[in-house]
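Worksheet: the structure to be examined is printed underneath.
The values are calculated or read from the model by the stated rules, or taken from the named source; none is laboratory data. Keep in mind that what you see is a predicted model, and the values were worked out from it rather than measured. Positions of Cβ are generated from backbone atoms using ideal geometry, with glycine treated the same way; all protein chains shown enter the neighbour counts. Quick note on the areas: whole protein, heavy atoms, side chains included, nothing else; ligands and nucleic acids left out. Shrake-Rupley method; radii C 1.70, N 1.55, O 1.52, S 1.80 Å.
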Amino acid sequence: MIVVTGATGNVGRALVRLLDKEGVSVTAVARHIDEDQVPPGVRAVAADLAEPDGLRGAFEGAGALFLLTAGERPYDILDVAKAAGVRKVVLVSSQGAGTRPEVYAQPRQFEAAVRESGLDWTILRPGGLDSNALAWAESIRAERTAAAPFGDVGLPFADPDDVAEVAATVLREDAHTGATYVLTGPAPTTPRARAAAIAAALGEPVTFTEQSRAEAHELMARFMPLPLVEGTLTVLGTPSEEEQRVSPDVERVLGRAPGTFAAWAERNAVAFR
């Protein structure tokens, strides 16, 4: 049995569906979840990674764990997992843990805990996700507008379904133990180009407005810690060569090229209608 934490998120939800389709026994874990949010036959458990003691029942009988970077007690989470019989952990971290460790301290702590756990492990480091564009859903539905800073700076955002498929593969196969994979899309795309791709998927124009860094900072600071706001804006505005580079790891694991943002927009157009 495989436990999937963050099971209602963009990656976790897709991962639960994939594993269930492949006939794998799955326990889906999230802070707020019920049976209506998972495929029939999948066990849903409401639990919080910030409270590791409450995870014991969710982890019992599992052989593998898909671990979200959430909470502040990764060592305690992994102790609970080991006591429950988990032998393998796949961590979804962040590319920033490698490129900007001084900013992405929480993912770095989780990575250290995983490496020191004594379990078989694989670390996934996606950069930005195509699903970040869902932040535009309300404004595109209401006004056909999208706003973001650094409109012409490109980054190779990854399709969350690709991240989920990589996770499903490494959870089921032993060949990836000890590997750290950077997951990106097939090419850098800019915010302006992503808005245009959504417009094409809708068959209607979407007006893109470029925010100033100060405007974006004010909005992001409402829901993100200030150091992470600064780090994220730096990545978005002045990414390093490594952060702009297309990684071969999706194709290496899956044997196919990663999906494009345009394809993601086509599949998710309903969110913007």
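Quick test for you: out of Glu243, Glu210, Glu215, pick the one residue that is open to solvent by less than 20 Å² (accessible area, probe 1.4 Å), in contact (Cβ under 8 Å) with a residue 12 or more places away in the chain and touching a strand residue (DSSP E or B) at 6+ places or on another chain (Cβ under 8 Å).
Values: Glu210 fails: open to solvent by less than 20 Å² (accessible area, probe 1.4 Å); Glu215 fails: open to solvent by less than 20 Å² (accessible area, probe 1.4 Å).
So the residue among Glu243, Glu210, Glu215 that is open to solvent by less than 20 Å² (accessible area, probe 1.4 Å), in contact (Cβ under 8 Å) with a residue 12 or more places away in the chain and touching a strand residue (DSSP E or B) at 6+ places or on another chain (Cβ under 8 Å) is Glu243.
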Fill in: Number of positions in the range 26-44 that are within 23 Å of Val170 (Cα to Cα), surrounded by 15 or more Cβ atoms within 10 Å (Cβ to Cβ) and out of contact with any Phe, Trp or Tyr (no Cβ under 9 Å at 6 or more places or on another chain)
6
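Looking only at the range 128-169, count how many residues are aliphatic (A, V, I, L, M), open to solvent by 30 Å² or more (accessible area, probe 1.4 Å) and within 20 Å of Glu266 (Cβ to Cβ). Please lay out each step first, then the result.
Residues of the range 128-169 aliphatic (A, V, I, L, M): 129, 133-135, 137, 140, 142, 146-148, 153, 155, 158, 163-164, 166-168.
Now drop any that are not open to solvent by 30 Å² or more (accessible area, probe 1.4 Å), which leaves 129, 134-135, 142, 147, 153.
Add one more test, that the residue is within 20 Å of Glu266 (Cβ to Cβ), and what stays is 129, 134-135.
Result for the range 128-169: 3.
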Worksheet item: Which condition number in (1) more than 20 Å from the chain's Cα centre (by Cα); (2) basic (Lys, Arg); (3) within 21 Å of Thr234 (Cβ to Cβ) is the one that Arg100 fails?
Response: (1)
Worksheet, complete the sentence: Arg273 vs (1) in contact with a Lys or Arg (Cβ under 7 Å, 6 or more places away or on another chain); (2) surrounded by 14 or more Cβ atoms within 10 Å (Cβ to Cβ): all pass except (2)
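For the range 10-43, name all the residues that are outside any helix (DSSP H, G or I), in contact (Cβ under 8 Å) with a residue 60 or more places away in the chain and within 21 Å of Arg267 (Cβ to Cβ). First the steps, then the outcome.
Step one: of the range 10-43, the residues outside any helix (DSSP H, G or I) are 22-34, 38-43.
Okay, now just the ones that are also in contact (Cβ under 8 Å) with a residue 60 or more places away in the chain, so 22, 24.
Scanning the range 10-43 gives a single hit, Glu22.
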Worksheet item: How about the range 198-227: which of its residues are hydrophobic (A, V, I, L, M, F, W, C) and within 17 Å of Thr238 (Cβ to Cβ)?
Response: Ala214, Ala216, Met220
Practice prompt. State which residue is farthest from Arg141 (Cα to Cα) when the search covers only the range 170-207 and only residues that are open to solvent by 50 Å² or more (accessible area, probe 1.4 Å) and of a type in the set (D, E, K, R).
Written response: Asp174
Response to the item:
With the first residue restricted to the range 112-131 and required to be farther than 22 Å from Leu254 by Cβ, and the second required to be crowded, with 20+ Cβ neighbours inside 10 Å and of a type in the set (Lys, Arg), Cβ contacts under 9 Å at 6 or more apart or on different chains are Leu119/Lys88
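Please go through the range 86-95 and pick out each residue that is closer than 11 Å to Ala62 by Cα and open to solvent by less than 30 Å² (accessible area, probe 1.4 Å).
Within the range 86-95, the first condition is being closer than 11 Å to Ala62 by Cα, and the residues that meet it are 86-89.
Listed by number, the residues that qualify are Val86, Lys88, Val89.
Which members of the range 82-100 meet the condition of being farther than 17 Å from Val163 by Cα and assigned to a loop (DSSP other than H, G, I, E, B)? Let's see the steps before the verdict.
Restricting attention to the range 82-100, the residues satisfying the condition of being farther than 17 Å from Val163 by Cα are 82-88, 98-100.
Across the range 82-100, the qualifying residues are Gly85, Val86, Arg87, Arg100.
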Worksheet item: Can you name the residue in the range 226-240 that is surrounded by fewer than 13 Cβ atoms within 10 Å (Cβ to Cβ) and not small (Gly, Ala, Ser) and is also modelled with the lowest pLDDT among such residues?
Response: Pro227
Worksheet item: Looking at the range 247-270, which of the residues that are open to solvent by 40 Å² or more (accessible area, probe 1.4 Å) and under 17 Å from the mean Cα position of the chain (by Cα) is nearest to Val163 (Cα to Cα)?
Response: Thr260
